[in-house]
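Participant: Input: one structure, supplied below.
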Amino acid sequence: MTDLHLDGISKSFGDVTALRDVSLDVADGEFFTLVGPSGCGKTTTLRAIAGFEQSDAGSVRFGGREMSGVAPEDRDVGVVFQNYALFSHMTVGENVAYGLRFRETPGGKSKTERVAELLDLVDLSGFEDRDPDELSGGQQQRVALARALAPGPEVLLLDEPMSALDARLRQTLRTQVKRIQSELGITTVYVTHDQEEALAVSDRVAVMNDGRVEQVGRPEDVYRRPTTRFVAEFLGENNVFAGELRDEVVEVGDAGFHLVDLDASDGSEVVFCVRPEHLVRVGKRDAETTGRRAETTDSGAENAFEVTVEAVEFLGESFRVHLDWDGRDVTLRAPERPEIETLRVGFDPADAHVVSDGRRDRSVVEEN
Ligand code: ATP
């Protein structure tokens with residue numbers, strides 16, 4: 001087992017800059033996820049760790065060992081890619097044994113014993129003699145995982161291993177992968193563009209955008225306290241507002257909002273976000289109109305504004321309500337379908353989070 005360190009990794013492909021000064025520390029035994037939109041640099045980061053890609057600058061270390069110049073087969077990593085890429089002319093058992101071609105079998109076991117042990121680990125005991133095309137997509141991906149784990153690598157790298165599977169199967173498989181990872185205690189770097197998956201399985205996540213790491217933290221911390229506008233909008237839904245600070249009030253349109261922990265000077269622009277589940281209906285007028293007093297509250301009253309209902313979607317456990325506030329799109333989660341068109345909504349100051357507007361900050365830097 002080992003910890004993993006990336007220090008100032010940069011990589012360009014011709015005119016395309018894939019990674020810009022990426023630094024990450026992954027702890028021994030951690031399930032660490034790189035999440036971000038297509039093209040943000042997740043796969044390139046993983047390939048730099050595996051040794052498939054030479055970076056232009058920066059270093060990769062496994063424990064205290066510098067990895068530059070170390071070939072992929074000598075790095076002690078197991079890799080599972082998006083497309084399972086099992087060999088169709090080999091049985092399941094032969095596919096798993098293929099993972100042992102460069103290595104001694106760990107613990108002095110025979111190849112047959114090791115293959116049986118790994119198939120047991122991925123819940124496929126007795127599947128040795130099957131052909132890969134007799135297996136479901138999820139089962140094939142578990143064989144690919146067993147093959148990657150066969151030599152007992154120090155680090156496991158998973159690149160969108162579930163993206164070819166349907167939603168239900170992805171959920172089952174991600175639970176299995178998480179169980180196997182914690183059973184082995186293997187340091188794991190997982191790549192996905194699916195933010196729900198990243199939040200569900202990871203010890204920590206790194207949110208990437210345009211070749212940079214925007215924020216690193218535990219799923220609940222990054223979700224609840226995004227530091228940048230990008231992270232606020234990428235992880236789950238969010239309402240982002242931009243306004244000007246005047247006498248400790250952030251003025252957005254004709255409304256004024258009170259926020260906590262404001263560290264800005266008068267006249268400066270403040271960007272903040274409020275999750276749809278933290279936006280609440282306020283005021284007695286609505287309660288009287290709808291007769292649903294339980295839906296309304298005064299907790300957000302000091303930060304209230306009037307909105308128009310544009311559309312309502314039923315999500316099962318709640319309703320997503322699309323609102324218009326003087327031309328701005330606002331989203332609310334409500335326990336009941338609103339039955340009137342105009343609502344007063346608001347939020348508790350403690351539920352609003354100030355974020356930096358990375359795009360804007362960077363374009364200012366880049367223009368200068
Ligand atoms: P996806 O989720 O779509 O796989 P990603 O976040 O994994 O995306 P990367 O595959 O790391 O992103 O790509 C980052 C950027 O580098 C993209 O703009 C991509 O087009 C570019 N890129 C990656 N590999 C190469 C290559 N071999 N040659 C040229 N450009 C590349």
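Participant: For the range 8-55, with only Lys/Arg (+1) and Asp/Glu (-1) charged at the beta-carbon, what is the dipole magnitude about the Cα centre, in debye rounded to 20?
Facilitator: 200
Participant: Which value, in debye to the nearest 20, gives the size of the charge dipole of the chain about its Cα centre, when Lys and Arg are +1 and Asp and Glu are -1 at the Cβ?
Facilitator: The dipole of the chain has a size of about 1100 debye.
Participant: How tilted is helix 358-367 with respect to the longest principal axis of the chain? Cα atoms for both, answer in degrees (0 to 90, nearest 10).
Facilitator: On a 0 to 90 degree scale, this one is about 90.
Participant: Using 0.36 nm times the number of residues separating T342 and S12, minus their current alpha carbon distance, what extension gain do you get?
Facilitator: Full-extension gain reported as 113.7 nm.
Participant: Expressed in whole Å with the largest first, what are the equivalent ellipsoid semi-axes of the chain derived from the C-alpha gyration tensor as the square root of 5 times each eigenvalue?
Facilitator: Equivalent ellipsoid of the chain: 47, 26, 15 Å, largest first.
Participant: Treat each spin label as a single point 7 Å out from the Cα along the C-beta direction, and report the R218 to T175 distance in nm.
Facilitator: About 2.3 nm separates the two model spin labels.
Participant: How far is it, in nm, from the label point at E310 to the one at D261 when both lie 7 Å from their Cα along the line to the Cβ?
Facilitator: The two pseudo-label positions are separated by 3.0 nm.
Participant: Put a dot 7 Å past each Cα toward the Cβ at D194 and S299; how far apart are the dots in nm?
Facilitator: Label at S299, label at D194, 3.2 nm between them.
Participant: Using only alpha carbon positions, build the gyration tensor of the range 297-355, then give the equivalent ellipsoid semi-axes as the square roots of 5 times its eigenvalues, largest first, whole angstrom.
Facilitator: Square roots of five times the eigenvalues give 19, 14, 12 Å.
Participant: Ok, one more. Please count, across the chain, the pairs of lysine residues with Cα atoms under 28 Å apart that sit 8 or more places apart or on different chains.
Facilitator: Here the count comes out as 4.
Participant: Have a look at Y190, H278, S299 and report the one farthest towards the positive end of the charge dipole of the chain, computed about the Cα centre with Cβ charges (Lys/Arg +1, Asp/Glu -1).
Facilitator: Y190
Participant: Can you give the charge dipole size of the range 142-181 about its Cα centre, rounded to the nearest 20 debye, using +1 on the beta carbon of Lys and Arg and -1 on the beta carbon of Asp and Glu?
Facilitator: Here the size comes out at about 240 debye.
Participant: Can you give the FRET efficiency for T112 and S182, using 1/(1 + (r/R0)^6), R0 = 30 Å, r = Cβ-Cβ distance, to the nearest 0.05?
Facilitator: Approximately 0.65, to the nearest 0.05.
Participant: Positive end of the charge dipole of the chain (Lys, Arg +1 and Asp, Glu -1 on Cβ, about the Cα centre): tell me which of T43, G236, V115 has its Cα farthest that way.
Facilitator: V115
Participant: A follow-up question, please. Of V345, W325, L259, whose Cα points farthest to the positive end of the dipole of the range 237-355 (charges on the beta-carbon: +1 Lys, Arg; -1 Asp, Glu; origin at the Cα centre)?
Facilitator: Final value for the positive-end residue is V345.
Participant: For the chain, modelled as a GNM with alpha-carbon contacts under 10 angstrom, which of S182, S55, S268 fluctuates the most?
Facilitator: Between S182, S55, S268, it is S268 that shows the largest mean-square fluctuation.
Participant: Out of the chymotrypsin sites (Phe, Trp or Tyr not before Pro) in the range 21-90, which ones are loop residues according to DSSP with at most 12 other C-beta atoms within 10 Å?
Facilitator: Counting only loop positions with at most 12 other Cβ atoms within 10 Å, the chymotrypsin sites (Phe, Trp or Tyr not before Pro) in the range 21-90 are F87.
Participant: Now for a different question. Starting from the Cα of A242, step 7 Å toward the Cβ, then list every residue of the range 309-346 with an amide N under 15 Å from that point.
Facilitator: 328-329
Participant: Moving on. Counting helices only, and only those DSSP H runs with n ≥ 4, report the 222 nm mean residue ellipticity of the chain as the sum of -39,500 (n - 2.57) divided by its residues, in deg cm²/dmol to the nearest 500.
Facilitator: Value at 222 nm, helices only, nearest 500: -7500 deg cm²/dmol.
Participant: For the residues C40, C273, what sequence is obtained by ranking on other C-beta atoms within 10 Å, fewest first?
Facilitator: Ordered from fewest to most neighbouring Cβ atoms within 10 Å, C40, C273 come out as C273, C40.
Participant: Pull out the extension gain between S318 and H89, defined as 0.36 nm times the separation in residues minus the alpha carbon to alpha carbon distance; nm, one decimal.
Facilitator: Taking S318 through H89 to full extension adds about 77.5 nm, to one decimal.
Participant: Moving on. Starting from the exponent 0.38 and prefactor 2.2 Å, build the expected Rg for the range 1-136 from its residue count and divide its actual Cα Rg by it.
Facilitator: That works out to 1.24 for the range 1-136.
Coordinate-derived values only; no laboratory data. Note that this is a predicted model, so its numbers are computed, not measured. Neighbour counts run over all protein chains shown; Cβ positions are idealised from the backbone, glycine included.
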